[in-house]
Each structure stands twice: as structure tokens, then as C-alpha cells.
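The block underneath contains the structure these notes are about, expressed in C-alpha cells.
The values are calculated or read from the model by the stated rules, or taken from the named source; none is laboratory data. The model shown is predicted, which means the values in this text are computed figures rather than measured ones. All Cβ positions, even for glycine, are placed from backbone atoms using ideal geometry, and neighbour counts span all protein chains on display. Heads up: the accessible areas ignore ligands, DNA and RNA and are worked out on the full protein's heavy atoms, side chains in. Shrake-Rupley method; radii C 1.70, N 1.55, O 1.52, S 1.80 Å.
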Amino acid sequence: RQGIGEPSVYHAVVVIFLEFFAWGLLTTPMLTVLHQTFPQHTFLMNGLIHGVKGLLSFLSAPLIGALSDVWGRKSFLLLTVFFTCAPIPLMKISPWWYFAVISMSGVFAVTFSVIFAYVADITQEHERSTAYGLVSATFAASLVTSPAIGAYLCQAYSDTLVVVLASGVALLDIGFILLAVPESLPEEMRPVSWGAPISWEQADPFASLRKVGQDSTVLLICITVFLSYLPEAGQYSSFFLYLRQVIGFSSETVAAFIGVVGILSILAQTVVLGILMRSIGNKNTILLGLGFQILQLAWYGFGSQPWMMWAAGAVAAMSSITFPAISAMVSRNADPDQQGVVQGMITGIRGLCNGLGPALYGFVFYLFHVELNEMAEVETLGKASKPNMANPTDESSIIPGPPFLFGACSVLLSLLVALFIPEHNLVLRSGSHKKHSNGAQSHPHSPQAAGADGKEPLLEDSSV
């Protein structure tokens, strides 16, 4: 067996940490390069770039997962990490090529899907949720720490050093996969030959979505997920840019914001979520999380002062309890033999939102003329900064962040739909997780959804 030792969760943890640590380092230089490359329509181009990437990821994830069932996980881990990190050195070589390759890299930017399949191969059913939680916590930890380090190095040295360092971390990740990561899928679990056919059902990204309307409860849950995750996906793609250019945060403040909100969200998903689930129940926890999300988005939409962003960030951490609670409800309410299918639907909807959300936000920013004439310099401590709109209007002064207000309206609709979800339509059965684990084999994108209860990426990196 190639690699070091037996395949373990720790191999997956290192791969995820290094990939997202590399991208997290680039948070500050990426914002600078983005505006320098597209000075007239920064937010629109940002939304289109990440929208194309998200849609390509949505379309390719089931196919890559199905192929990894035939050819093994290691080769596809290498493929996804390589192509996801390929744009990094281009940031300083050719910004136009950098953004073009980022868009196209969405075809292979599905490392999480392969990682969760890797974990499913090597863990027992009762160990899986803990393993997914460890991978997800590692993802959060990498994004909590790396933007602050990248911002400090940009300030103390230069953007070029940060790009070189991030490229080195990405190469280290590729080398680790090549030399240290053993294959997790045994030969006997694969089809007889490498030429084994892949069915269209396995590779069709819309296959799971077609089953949404077959059960009224599942339909209500899926509509809730779509209406609430669409604005969240758009927020991930543009919010750090918005803080930097419109609100006037310095690079160091943006990094500190990511770290603080990330830590608060981890606490919310571990400590607070458990208390709420036991005290007020599953459905009420979802409703409470959606309520926090509405408040957070409205505050972002109307807020124009830095302290408002910090306060809304704390609310955002509390809103991160929504999707773990939804995942738990799906697991509890679905039939034992439908776990993989239903979780696959949730994954498909969130993948679709990852493409539509950024494009929607970029378009709304464009409609409301939220742009800058010039890149704001790093502000010194204590120096006040105000939004510098290219076309200041009365509306922009009243509503600095129009897309966030649109998002709040979308989540309000999601809350109204969630009110009709029955909390106890099926009794939890002892075999309710059986299909959940089997889904790792028949639907390779299911493990990603299965891990969603531990992986609520409040700080999902907007550049990867």
C-alpha cells in the first residue's frame, strides 16, 4: 500500500487543513488584486467569478464522486487539490489568468466531497459523525488562523511573500497526498475493471433534486434550505470585500473579524446547539437560527459603521446553528432506507446555491451602484473611514448593503416555510443511519451532506 501507515482520518485532516490554510493566507492580497483588476465593477465580477465556479462544482461533484468509487480516492484527492490550488501563483504572475483559472477550477473544486468519501471508507458507522466533526473543525480552524497570518505578513513584508508562502503550502499539500496518503478504497470494493461504466444517474447533478417533491416534509425542508442558503452563499463570496472596500475595514481588522466570528460560530455549533436542541426542540432551533440570520442580514444591509458589523457578526455566529439543526431533522424524519437520498438532495440544493448566490449578490451590488473609485488604503488605528461610493445616491446612504437586505427577505420567506415543517412525522429508528453510511458507496456526494451537520462553514472561504 502506497503512503505512510494505514489510511486514517488524520490523513484527511492534514489535506483539508493545508488546502484551506493556503487560501486563507490570500484573503488580504486577493481583495487588493480583485479591485485592481476590475476597478469599475468589482462586486459584479467577484459574483460572476464565484458564481461560475460554484455552478461548475455543482455540476461536476457527482461525476467526480462516482469516478472515485471506481479509481480510488487518492488519485482524485490529488486532482482536486492540484486544480483548486493551481490559480494561487497566478495571482502575481497574471491577475486576469488568475481569475479565469479560478472560475474554471470549479470543475475540480470538490475536495470536501472526496474527503468525506475517504473518511466513510475507513470509519465504522458509529465513528463517522465524530470523524466528520474533526474534519469540519479542522476546516474552521484553518480559516480562523490563516487570514490573520496573511494580513500580518502583507503589512510587515509584501503581498508577494504571502502568495509565495501560499503556493508553498499548496505544494506541500500535493506532496503530502503523493507520498503520505494511502488509498482508502480497497480493491475488492471497486468494480471489476477500470472500464466499468458509470451510470448517468450517478453523474447527474440534478438526479437528487428531481426527487424533492415526492414527500411534502422533504419538500418543505428543501425549500427552507434553498431560501436561506442562497443569500448565505452570496454573502460568503462578497462579504470580506464589502468590509474592506465599503465599510472601510483594514486588512488586519478583516482578519480579526474572521477569527472572532469563526470562534464564536464554533462555540455556537458545539455548546449552544446542544443546549437548544435539548431545551426547545429541533424545529424551534431551526426557527431560532433563521431568526438570527434575518437579524444578521438586515443589520449588514442597514449598517454603515464598523461597530455594527461586529455586532452583526456575533449574531451571524448564532445563525450558524440552522444547518446542523436541519441536518439532524432530515436524519430523524427520513425513512432508514432514504437517508442517503434525502441528504443528497440537501447537498444538491446547497451546491446550486453556491453558484447562484454569488452571482445574485454581484448583480444586486451592480444594480445599486455599490462600487469604489479607488482602492482604500490601509487605515491607521483611530482614523475614521467612510464608504466611498462611485455613484453615491440617497438609497446607498440609507441602505449601504442592498444584497443583504434582499437576503433578509429571502430568509424571512424561508422562516415562513419552516413553520409548516412537522417536527415529528416519523419515529427515530435504530437503523436510521444505515443508509446514511451506505450512501457513501452508492452516492459519493452523500458523505458531503452527511458531514454538513458538523461542517457549517460560516467562514467558507470565498476564494476557494
Most to least accessible of L178, L276 (protein chains only, probe 1.4 Å): L178, L276
Full-stretch length increase - L179, L219 - with 0.36 nm per residue and alpha-carbon distance subtracted: 9.9 nm
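At 1.4 Å probe size, with every protein chain present, just tell me what the per residue accessible area of region 226-295 comes to in Å². Write down the numbers at each step before the final one.
On the way: 2140 Å² over 70 residues.
Result: 31 Å² of accessible area for each residue.
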Percent breakdown of C-alpha pair distances by 5 Å bin, ordered from the shortest bin, for region 219-292: 3, 13, 16, 19, 19, 15, 9, 5, 1
Sequence of I294, I326 from largest to smallest accessible area, 1.4 Å probe: I294, I326
Model label zone, A328; criterion: amide N under 19 Å from point 7 Å along Cα-to-beta-carbon; scope region 254-274: 264-274
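Can you list, largest first and rounded to whole Å, the semi-axes you get for region 1-186 by taking the square root of 5 times each eigenvalue of its Cα gyration tensor?
30, 18, 14
Just the number please: accessible area per residue for region 1-186, 1.4 Å probe, all protein chains included, in Å².
Details: 6900 Å² over 186 residues.
Counting only protein heavy atoms, the per-residue value for region 1-186 is 37 Å².
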Listed residues T32, T160 arranged by accessible area, highest first, probe 1.4 Å: T160, T32
Sulfur and carbon atoms: percent of accessible area, region 1-186 [1.4 Å]: 72 percent
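Tell me the net charge near L31. Cut-off is 11 Å between Cβ atoms, L31 excluded, with +1 for each Lys or Arg and -1 for each Asp or Glu. Mind showing how you got there, number by number?
Details: positive: R244; negative: D159.
Its environment carries a net charge of 0.
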Model label zone, T130; criterion: amide N under 20 Å from point 7 Å along Cα-to-beta-carbon; scope region 16-44: none
At R0 = 60 Å, FRET efficiency that the Cβ-Cβ distance of W97 and M277 yields, to 0.05: 0.80
